[in-house]
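Participant: Got a structure for you, written out below as structure tokens; questions coming shortly.
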Amino acid sequence: MDRMDDKLDALWVEYRQACPDPDPAPDFMPRLWRQIEKRRNGNARVFRRLAQVCVMATVALTLLMGAVLIPRIQAEAFFAGTYAEELAAEHINADYTDFLTAGDQR
Amino acid sequence: MLVDFELIERARSGDDSAFNQVVQAYRKRILGTIARLIGRPEDVEDVGQEVFLRLYFSLDQLRTAEVFEPWLYRLTVNAAYDYLRRQKRRPESRMSDVSEQQVMYADAVAGSKVRDEEERRTKIRELAQSLLGKVSEEDRVLLVLKEVEGRTLKELGQIYKVNENALKVRLFRARQRVLKALQAEEAAGNPAATAGANADASSEDEAAEENTAGESSGGAG
């Protein structure tokens, strides 16, 4: 096994020599910068698209609220009458209560 | 370190010219490591580009300039894994590329002495690649970094961010598997394995070539 170990170690050394560090191609750096720019632009495009989607969703939500939700909320208003009518209605109830309580005292 | 910390700090803070200098300092070494990790010269540049591309977009995550080299090697190892996994999924293209590679080498060398030396190197590369193909991609990368690149266990621990003892165990098992494969190659009479790593390999290679030629002509007949 030691023989095989030595053989394997020698093979690794020879493999190292058989695969020397290659010289980079002349266009290595320009190609790298082109790819960087491409990915940068790609990222910017994604963010721009995301921003567009967000703006469109906000506009759609605003329109929905304006067209559907606000009229519905207004229709369901609790005080439908004027201030004077509401005051009169309260007085009628108060008189009736006074009348009932006065009857009891008698 | 091939560059000083200050240059890495500048590159980290977004200085493109500093990044350019860092790439220029490391690219040859990284391309060499990739060549030995993947074993296919025609794809080395592409994987190298991917490494430096990943470096550019992840440099801001680097904690300190002191850990730059292990960080760069981790990116290299990850890119090599990704490449090897992709290649595993399409083995048929690999076979065709090997013959293309041999043709490329044959075309490149002119003189007979140079050709002999190149043939010997090609055989060594093929044998090493075949042995490394017997273990998983992870073990293959680990073995190359340790045995071929000569990285220490401490450096590997920094690259992989794991315990050195765990690496030792994994390396031992991977080496045992490769040793078994080497024995099998030798038993099968692979000329590169029997001659492998001997100084007088060329004469044995010639004999082996004659044998191979005889076998192939016999097979054809």
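Participant: Taking segment B:149-174 on its own, how many of its residues are surrounded by fewer than 20 Cβ atoms within 10 Å (Cβ to Cβ), assigned to a helix (DSSP H, G or I) and of a type in the set (A, V, I, L, M)?
Facilitator: So the answer is 5.
Participant: State which residue is surrounded by the fewest Cβ atoms within 10 Å (Cβ to Cβ) when the search covers only segment B:1-20 and only residues that are part of a helix (DSSP H, G or I) and in contact with a Lys or Arg (Cβ under 9 Å, 6 or more places away or on another chain).
Facilitator: Of segment B:1-20, the ones part of a helix (DSSP H, G or I) are B:5-12, B:16-20.
Those left that are additionally in contact with a Lys or Arg (Cβ under 9 Å, 6 or more places away or on another chain): B:17-19.
Numbers: B:Ser17: 10, B:Ala18: 18, B:Phe19: 22.
Applying the filter and picking the extreme gives B:Ser17.
Participant: Still on this structure, I have one more. Would you be able to say whether some residue in segment B:60-68 is buried (at least 22 other Cβ atoms within 10 Å of the Cβ), touching a residue at least 40 places away in the same chain (Cβ under 8 Å), assigned to a helix (DSSP H, G or I) and more than 14 Å from every other protein chain (Cβ to nearest Cβ)? Give the derivation first.
Facilitator: Just the residues of segment B:60-68 that are buried (at least 22 other Cβ atoms within 10 Å of the Cβ), to begin with: B:68.
Of the ones still in play, those that are also touching a residue at least 40 places away in the same chain (Cβ under 8 Å) are B:68.
Those still in the list that are assigned to a helix (DSSP H, G or I) too: B:68.
Filter again for more than 14 Å from every other protein chain (Cβ to nearest Cβ), leaving B:68.
Within segment B:60-68, one or more residues are buried (at least 22 other Cβ atoms within 10 Å of the Cβ), touching a residue at least 40 places away in the same chain (Cβ under 8 Å), assigned to a helix (DSSP H, G or I) and more than 14 Å from every other protein chain (Cβ to nearest Cβ).
Participant: If you check B:Leu72 against the conditions, is it buried (at least 22 other Cβ atoms within 10 Å of the Cβ) and closer than 12 Å to A:Pro24 by Cα? Walk me through it before giving the result.
Facilitator: Working: buried (at least 22 other Cβ atoms within 10 Å of the Cβ): yes; closer than 12 Å to A:Pro24 by Cα: no.
When the stated conditions are applied, B:Leu72 does not pass them.
Participant: Starting from residues that are away from chain A (no Cβ under 14 Å) and in contact with a helix residue (DSSP H, G or I) (Cβ under 6 Å, 6 or more places away or on another chain), keep the ones in segment B:163-189 and report whichever is nearest to B:Glu137 (Cα to Cα).
Facilitator: Step by step, filter segment B:163-189, then rank; the result is B:Leu167.
Participant: Which of the helices (runs of 4 or more DSSP H) found entirely inside chain A contain at least 3 residues meeting this: modelled with pLDDT of 80 or more, among the aliphatic types (A, V, I, L, M) and surrounded by 11 or more Cβ atoms within 10 Å (Cβ to Cβ)? Step through it out loud before you land on a result.
Facilitator: Values: elements: A:2-18, A:28-64, A:70-75, A:83-105.
Of the helices (runs of 4 or more DSSP H) lying wholly inside chain A, those with at least 3 residues that are modelled with pLDDT of 80 or more, among the aliphatic types (A, V, I, L, M) and surrounded by 11 or more Cβ atoms within 10 Å (Cβ to Cβ) span A:2-18, A:28-64.
Participant: While we're looking at this one, here's another question. Restricting to segment B:3-29, what's the tally of residues that are within 16 Å of B:Trp71 (Cβ to Cβ) and either within 10 Å of chain A (Cβ to nearest Cβ) or in contact with a Ser or Thr (Cβ under 7 Å, 6 or more places away or on another chain) (or both)?
Facilitator: 4
Participant: Please find, among B:Gly39, B:Gly32, the residue that is within 11 Å of chain A (Cβ to nearest Cβ) and in contact (Cβ under 8 Å) with a residue 60 or more places away in the chain. Walk me through how you get there before you give the answer.
Facilitator: Working: B:Gly32 fails: in contact (Cβ under 8 Å) with a residue 60 or more places away in the chain.
The unique qualifying residue is B:Gly39.
The values are calculated or read from the model by the stated rules, or taken from the named source; none is laboratory data. Just so we're clear, the structure is a prediction, and the values are computed from it rather than from any experiment. Cβ sites come from the backbone with ideal geometry, for glycine too, and all protein chains shown count toward neighbours.
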